[in-house]
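Worksheet: the structure to be examined is printed underneath.
Readers should treat all values here as calculations from the given coordinates under stated rules, not as data from a laboratory. For clarity, every value in this text was computed on a predicted model and none was experimentally measured. Every residue, glycine as well, gets a Cβ built from its backbone with ideal geometry; the counts of neighbours run over all protein chains shown.
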Amino acid sequence: MNALEITNLKYSYRDGPEALRGLSFRVLPGECIALLGPNGSGKSTLLLHLNGLLPEKPAGGGAVKIFGQPVAPQNLAAIRRQVGLVFQDPDDQLFCPTVAEDVAFGPQQLGLPAAAVAARVKASLAQVGLAGFEARATHHLSHGEKRRACLAGVLACDPQILVLDEPTSDLDPRGRREFKAMLRTLPATKLIATHDLELAVELCARTIILDHGQLIADGRTVELLSNEKLMLAHGLERPHILHHLHPH
């Protein structure tokens, strides 16, 4: 069964142009996929559909299925347990005074007993390299620590699919390296919207390129990103890492 199946997905914002124009693709369990495209290509709009954060407009058409289940009002609670979304700006996601409270919020909503919640908080903070941060104030964290705390909050709900929107933007080179190394250790199916082409090459065997709400290309990361003509046509560039791997 596909982890994610998108069929002819269309979406328009009110009074705006079409943001998604008939997207279709499938993701197998365990895949790690990079979602690339210039600003305004529809990446974030697509991600918000994956756990029902954008209301489906019947006129828009198209379908999103998570492990065979349609993203529809009656399934949203189950789907939001399976799909963990990490927003681009951590300040949009962190809202509790301390790290432990923030990470505990999701498991508490699932109705888990206090001991199980505490165990999940501890385990997920360890997974993201923030062991011992429970009592820290969220607003005192560095940008990189905030990103990790957001991810811990998502991991604490034990999702099968991780959806990340620009997870390394605004991080310094060391922060980017550490975040990528951590992502590599997470076993969930991953869909990562990113401008960080090195991340795409290092973590994602497969890449999907969007532009103007349309799916432009879907294939092996190294092949697509080595195609200079394709990349330049869609506001992207061939990443430096590939000049070392495939010098021309």
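The alpha-carbon of K146 sits under 12 angstrom from the alpha-carbons of these aspartates and glutamates, leaving out residues fewer than 8 places away in its chain: D89, D91, D92, D102, D170.
Residues R147, R238, R174, arranged from fewest to most other Cβ atoms within 10 angstrom of their Cβ, appear as R174, R238, R147.
Could you list, in their original order, any pairs among K10/K43; K43/K65; K180/K229 whose Cα atoms are separated by more than 20 Å? Exceeds cut-off: K180/K229. Take each peptide in 160-171, 209-220, count the other Cβ atoms within 10 Å of every residue, and average; sorted highest first, the result is 160-171, 209-220. With the simple spin-label model, which puts each label point 7 Å out from Cα in the Cβ direction, the A118 to H212 separation comes to 5.8 nm. Using Cβ point charges alone (K and R +1, D and E -1), the dipole size of the chain about the Cα centre works out to roughly 500 debye.
A protection proxy built from the mean count of other Cβ atoms within 10 Å ranks the segments 89-97, 149-157, 14-22, most packed first, as 149-157, 89-97, 14-22. Stretching the chain fully between H234 and D170 yields a gain of 20.8 nm (0.36 nm per residue, less the alpha carbon separation). Would you mind classifying the range 110-248 by shape? Square roots of the alpha carbon gyration tensor eigenvalues, ordered a ≥ b ≥ c; an a/c under 1.5 is rounded, otherwise it is prolate if a/b is larger than b/c and oblate if not. Verdict is prolate for the range 110-248.
Site pair A181 and A131 shows an inter-label distance of 1.5 nm when each label is modelled 7 Å from Cα along Cα→Cβ. If you plug the beta carbon distance of A72 and T98 into 1/(1 + (r/R0)^6) with R0 = 25 Å, you get a FRET efficiency near 0.10. A simple packing score, the average count of other Cβ atoms within 10 Å per residue, orders the peptides 108-118, 25-35 as 25-35, 108-118, with the highest score first.
In plain terms, the chain from D89 to T7 could stretch by 26.7 nm, reckoned as 0.36 nm per residue minus the Cα-Cα distance. Dividing the summed -39500 (n - 2.57) terms of all DSSP H runs of n ≥ 4 by the residue count of the chain sets its mean residue ellipticity at 222 nm at -10000 deg cm²/dmol.
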